1. Might you check whether a residue that is touching a residue at least 60 places away in the same chain (Cβ under 8 Å) and farther than 20 Å from Ser125 by Cβ occurs anywhere in region 97-105?
2. Hey, among Ala92, Ala49, Ala56, which residue is touching a Gly at 6+ places or on another chain (Cβ under 6 Å) and either part of a loop (DSSP other than H, G, I, E, B) or within 22 Å of Arg128 (Cβ to Cβ) (or both)?
3. Just need a number here: residues in region 1-41 that are assigned to a loop (DSSP other than H, G, I, E, B) and of a type in the set (Gly, Ala, Ser).
4. Pick from Arg128, Arg138, Arg112: which is surrounded by fewer than 20 Cβ atoms within 10 Å (Cβ to Cβ) and within 16 Å of Glu12 (Cα to Cα)?
5. Might you let me know whether region 39-52 holds any residue that is without any contact (Cβ under 8 Å) to a residue 24 or more places away in the chain and over 19 Å from Arg138 (Cβ atoms)?
6. Considering only residues that are more than 16 Å from the chain's Cα centre (by Cα), under 20 Å from Lys42 (Cβ atoms) and not hydrophobic (A, V, I, L, M, F, W, C), which ones fall in region 111-150?
7. Taking Ala23, is it at pLDDT 95 or above, under 28 Å from Asn113 (Cβ atoms) and in contact with a helix residue (DSSP H, G or I) (Cβ under 7 Å, 6 or more places away or on another chain)?
8. Determine whether Thr122 is surrounded by fewer than 15 Cβ atoms within 10 Å (Cβ to Cβ), at pLDDT 95 or above and in contact with a strand residue (DSSP E or B) (Cβ under 9 Å, 6 or more places away or on another chain).
Amino acid sequence: MEMTKILLEELEQEAQTTRKMLAIVPADKFDWQPHPKSMTLKMLSAHVAELPVWIALGLTTYGLDFGVSPYQPKDVKNEAELMAYFEESLAAGLTQLSAAKEAVLSEPWILRNGAQIYQTFTKASLIRHSLSQLIHHRAQLGVFLRLLDIPIPGSYGPSADDTQG
């Protein structure tokens, strides 16, 4: 099986779980954070929503330089905007990954801030890294929601909330 097909399948599977998690983020708690060093619920959920677009970015560029393009988080105002942002990011990732040729996956991609290089990837490893980031931050979001006493949907099977009756 081609690597692009494997990555596409994984993205589609992770999107289902991410969609369930983002759908329960309450806008009235957007400013909440569990610790002063933590992101707010709004910042974290918007970051989760944007991560699939990194796949499109990786496939259509050779890197990202924060010195040239500073990070600007999306300011979602409510639950509907959060979900729309995720669907937009997901569509971009799916579109680019569906059209990608296998050869492009071995091309280099560099994350930097001016002269400081944070990481050098192949485009394939950047896509895997983006999927890992999606999973990691979605799990972090689950902890935030648990601390707010919001029942958590299952990810790779039922959650404790799914099994309690």
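1. Scanning region 97-105 turns up no residue that is touching a residue at least 60 places away in the same chain (Cβ under 8 Å) and farther than 20 Å from Ser125 by Cβ.
2. Testing whether each residue is touching a Gly at 6+ places or on another chain (Cβ under 6 Å) and either part of a loop (DSSP other than H, G, I, E, B) or within 22 Å of Arg128 (Cβ to Cβ) (or both) leaves just Ala56.
3. So the answer is 2.
4. Result of the check over Arg128, Arg138, Arg112: Arg128.
5. No.
6. Those that are more than 16 Å from the chain's Cα centre (by Cα), under 20 Å from Lys42 (Cβ atoms) and not hydrophobic (A, V, I, L, M, F, W, C): Arg146, Asp149.
7. no
8. It is false that Thr122 is surrounded by fewer than 15 Cβ atoms within 10 Å (Cβ to Cβ), at pLDDT 95 or above and in contact with a strand residue (DSSP E or B) (Cβ under 9 Å, 6 or more places away or on another chain).
The values are calculated or read from the model by the stated rules, or taken from the named source; none is laboratory data. Predicted model, so just to flag it, every value in this text is computed and none were measured. So basically every Cβ, Gly included, is an ideal-geometry build from the backbone, and we count neighbours across all protein chains shown.
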